[in-house]
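First the structure, in the form of structure tokens, and then the observations on it.
The values are calculated or read from the model by the stated rules, or taken from the named source; none is laboratory data. None of these values were measured; they are calculated from a predicted model. Here the Cβ positions follow ideal geometry from the backbone for every residue, glycine too, while neighbour counts run over all protein chains shown. To get the accessible areas, we keep the full protein, side chains included, count just its heavy atoms, and leave off ligands, DNA and RNA. Shrake-Rupley method; radii C 1.70, N 1.55, O 1.52, S 1.80 Å.
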Amino acid sequence: MENMFRLIPFTIEEKLENVKEIPEGVNMVQAPEIWKEGIKGKDIVIAVIDTGCDKDHSDLKDRIIGGRNFTTDDNGDADNYSDYNGHGTHVAGTIAATENGQGVVGVAPEAKLLILKVLANDPNNPGSATGKYEWIVNAIHYAVDQKVDIISMSLGGPSDVPELHQAVKRAVENNILVVCAAGNEGDGNERTEELSYPAAYNEVISVGAVSLDGRISRFTNSNKEIDVVAPGEKILSTIPGGKFAVFSGTSMATPHVSGALALIKQLSEKEFGRKLTEPELYAQLIKRTMPLGFPKTLEGNGLVYLTAPDLLSRHYEKTQISSI
């Protein structure tokens, strides 16, 4: 097995002490409109495979149901999944920061988070984090064994490692949605191909980034495996120490999709009256996208837009009326 993989590089735009708002990215994917239907991701379990998390953050402590450390941080203490980077806490907040009258609110504020730490602090490179492929593989298998609903991974590496691919396949075979950041090695050219694994595997949902005004982010990877895009620039969320920050990267786009899938799963299974398979849930996700007019290698099926079926329905009704 190849040795090391890395945290996908991201940009820290701003750090804040106190905020009280629904972040623009959460609004952009139309999550608050779904909340009005009483759908907030209740009891959907999302494994966040990342740098760990601040389990005492006021916006997250009620959402975290447990965690495990697969790294050498804290002398390999499996019960200590502290986040010394900030990345994992930021991702967790975008997914499921709770509604508590302060701070921020995530896309699925009633979802449950299982924190799986696979990226260790890099003492030689402050702000960076690295991990062994063995750690991420073990974390994926652990998530499967814990019967989570969704796995969210804002990480990647340049190598197609067979053991990693097999772990991803096992998760999908167990009807777990696997959501991965496409990567930030993009050059703005849709004809060039930048691949990061596990995002480049066909079995996962590969997420690219757009700005808050719907433009493709220059840094987002382009390739034929991109499934969807989501807000990934100037994203406000939680960081360790009970604070908040604005980050940019496909790492920030990915949790918008993971949270959206929690809402979609709860909503769809309520409508159908049964559990849906992973392919069925993927179809429900694609049903809730909006093409932005960019090449498929950059945007895939388009922007995740949870109210897209309602827009289509209203358009159909207007067409029917005009044809009478």
Here P(r) for the chain, Cα-Cα distances in 10 Å bins, as whole percents, is 7, 30, 38, 20, 4, 1, 0, 0
Is any helix in the chain, taking whole DSSP H runs, at least 20 angstrom long along its axis by alpha carbon and on average at least -0.5 on the Kyte-Doolittle scale, and which ones?
250-272
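Past 20 Å, Cα to Cα, is the threshold; run Lys55/Lys275; Lys55/Lys234; Lys42/Lys270 against it and keep the listed order. Spell out each step's value before the answer.
On the way: Lys55/Lys275 30 Å; Lys55/Lys234 24 Å; Lys42/Lys270 12 Å.
Exceeds cut-off: Lys55/Lys275; Lys55/Lys234.
Would you work out the relative contact order for region 227-318, in percent, from Cα pairs under 8 angstrom that are 6 or more residues apart? Intermediate results must be reported in sequence, preceding the final value.
Values: 104 pairs, mean separation 26.5, N = 92.
The normalised contact order for region 227-318 reaches 29 percent.
What ranking, highest mean first, results for peptides 173-185, 67-79, 37-49 when packing means the other Cβ atoms within 10 Å averaged over each residue?
Numbers: 173-185: 23.8, 67-79: 16.2, 37-49: 21.7.
Listed from highest to lowest mean packing, they are 173-185, 37-49, 67-79.
Rolling a 1.4 angstrom probe over the protein heavy atoms, how many square angstrom per residue are accessible across the chain?
Values: 13440 Å² over 324 residues.
I get 41 Å² per residue for the chain.
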Expressed as a percent, the accessible surface of the chain that is carbon or sulfur, using a 1.4 Å probe and the full set of protein chains, is 46 percent
Go ahead and run the numbers for FRET between His141 and Thr192, Cβ-Cβ distance against an R0 of 30 Å, rounding to 0.05.
0.35
If each of Asn100 and Ile12 carries a label point 7 Å out from its Cα toward its Cβ, how far apart are those two points in nm?
2.2 nm
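Just need the relative contact order of the chain here, percent rounded to a whole number, with Cα pairs under 8 Å and 6+ apart. Could the numbers behind the result be given before it?
Details: 864 pairs, mean separation 73.9, N = 324.
Result for the chain is 23 percent.
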Counting sequence-distant residues (5 or more places) and residues on other chains, those with an amide H built under 5 Å from that of Val178 are Ile151, Ile205
Based on Cβ point charges of +1 for Lys and Arg and -1 for Asp and Glu, what charge dipole magnitude is obtained for the chain about its Cα centre, in debye rounded to the nearest 20?
740 debye
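Using a Förster distance of 35 angstrom, determine the FRET efficiency expected from the C-beta separation of Glu21 and Ile286, and round it to 0.05.
Values: r = 30 Å, r/R0 = 0.85.
Efficiency at R0 = 35 Å is approximately 0.75.
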